[in-house]
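Comments concern the structure below.
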Amino acid sequence: MKRVGIVGFGHLGKYLYNRLIDDPNFKIVFIWNRSPIKDESIDKELILSNLEDFKNYKVDLIIEVAHPIITHDYGVRFLQHSNYVIGSPTALANQTLLDKLISISTEFRSKIYVPCGAFWGANDIKKMATQQTLKGLKITMKKHQTSLKLEGELKEKLERMKVWDSSLILYEGPVRDLCHLAPNNVNTMAVGALSALNLGFDKVQACLIADPNLIDKHVIEIEVTGPFNEKLNQNFKCTTVRSNPAQIGHVTGNQTYDSFYYSLLETLSETKSSGVTVC
């Protein structure tokens, strides 16, 4: 049985609590949230008021489902005490932080896990990347504008759109440059960059689109380009389109919750791999 701490108690955090509390493979030892937890069904002894106190608990796995700032502020300390599940992997677009986390996990023999979430085909892409046959990866995310929580120039671009009678391309370019502008919305793209080891955050391409017609779903298109066949004069290509039911205004689609939980089950198997494990 793994002793776990949950950091973040929004929609996904509550979902995971309800799944893990009944799962004999896990024992929840603490829950932390930035704002006070008012849910009276939660055992108050589990609520951690100060995240600095996490180290007072013997914990095997810390699950972050709050915000990328948590990994920036606490990731190194978490890995000195526990394995760590990063639910907001846009934080890892910071190469200095990523390198530091990998170094600490190696030193303390702890593991870093990133659930694949809404990213479809992660294992196949990892295999291609390992074999150096992955030549290109583009991820397009389409969401209703109210589901987007943006920063900087993208926030301004969204706010300037007063009449929503058509979709708006907010960004096209490397995943790395998008992660700090849409830290809550493009975790799927960060997973793609981590899976595509030979391309990474700078070479995996991103496209973020606000679409007023998507009132009940999020759409993710993944375009993979493989090796070129000179005899047939064409590249290997694979395109998937994932339509994920989602309430208007929500950041995360319904099926992503289940995907995240089953990724946690994969942490039950001991892995000897170093670095970041996409599961």
* Among the listed residues Asp73, Asp23, Asp39, which satisfies the condition of being of a type outside the set (A, V, I, L, M, F, W, C), farther than 20 Å from Leu264 by Cα and either in contact with a helix residue (DSSP H, G or I) (Cβ under 7 Å, 6 or more places away or on another chain) or not in a helix (DSSP H, G or I) (or both)? -> Asp39
* Asked: Given the stretch 138-201, what helices (runs of 4 or more DSSP H) lie entirely inside it while holding 2 or more residues that are among the basic types (Lys, Arg) and open to solvent by 30 Å² or more (accessible area, probe 1.4 Å)?
  -> 152-160
* To do: Would you mind stating whether Lys217 is over 18 Å from Pro89 (Cβ atoms), crowded, with 17+ Cβ neighbours inside 10 Å and free of Cβ contacts under 8 Å to residues at least 40 places away in the same chain?
  => yes
* **Selection status of Glu45, farther than 23 Å from Ser263 by Cα, of a type outside the set (Lys, Arg), open to solvent by 70 Å² or more (accessible area, probe 1.4 Å) and not in a loop (DSSP other than H, G, I, E, B)** => yes
* Asked: Condition test on Ile222, is it open to solvent by less than 70 Å² (accessible area, probe 1.4 Å), touching a residue at least 12 places away in the same chain (Cβ under 8 Å) and among the aliphatic types (A, V, I, L, M)?
  -> yes
* Asked: Among the residues of the stretch 6-25, which ones are open to solvent by 10 Å² or more (accessible area, probe 1.4 Å) and either under 18 Å from Glu45 (Cα atoms) or touching a residue at least 60 places away in the same chain (Cβ under 8 Å) (or both)?
  -> Phe9, His11, Leu12, Lys14, Tyr15, Tyr17, Asn18, Arg19, Ile21, Asp22, Asn25
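Take Tyr257 and decide whether it is open to solvent by 70 Å² or more (accessible area, probe 1.4 Å) and closer than 19 Å to Ala66 by Cα.
When the stated conditions are applied, Tyr257 does not pass them.
Please tell me if Trp164 is over 25 Å from Phe260 (Cβ atoms) and aromatic (Phe, Trp, Tyr).
Taking the combined requirement at face value, the residue satisfies it.
Take His81 and decide whether it is farther than 19 Å from Leu181 by Cα and surrounded by 17 or more Cβ atoms within 10 Å (Cβ to Cβ).
Answer is yes for this residue.
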* Give me the pairs, please: first residue somewhere in the stretch 163-181 and on the phi > 0 side of the Ramachandran plot, second residue anywhere and part of a strand (DSSP E or B) and open to solvent by 30 Å² or more (accessible area, probe 1.4 Å), beta-carbon distance under 9 Å, and either six or more positions apart or on two chains. => Gly173/Gln205
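The values are calculated or read from the model by the stated rules, or taken from the named source; none is laboratory data. Computed from a predicted structure; not experimentally measured. Every residue, glycine as well, gets a Cβ built from its backbone with ideal geometry; the counts of neighbours run over all protein chains shown. Just so you know, the surface numbers come from the protein's heavy atoms only, side chains and all, with ligands and any DNA or RNA stripped out. Shrake-Rupley method; radii C 1.70, N 1.55, O 1.52, S 1.80 Å.
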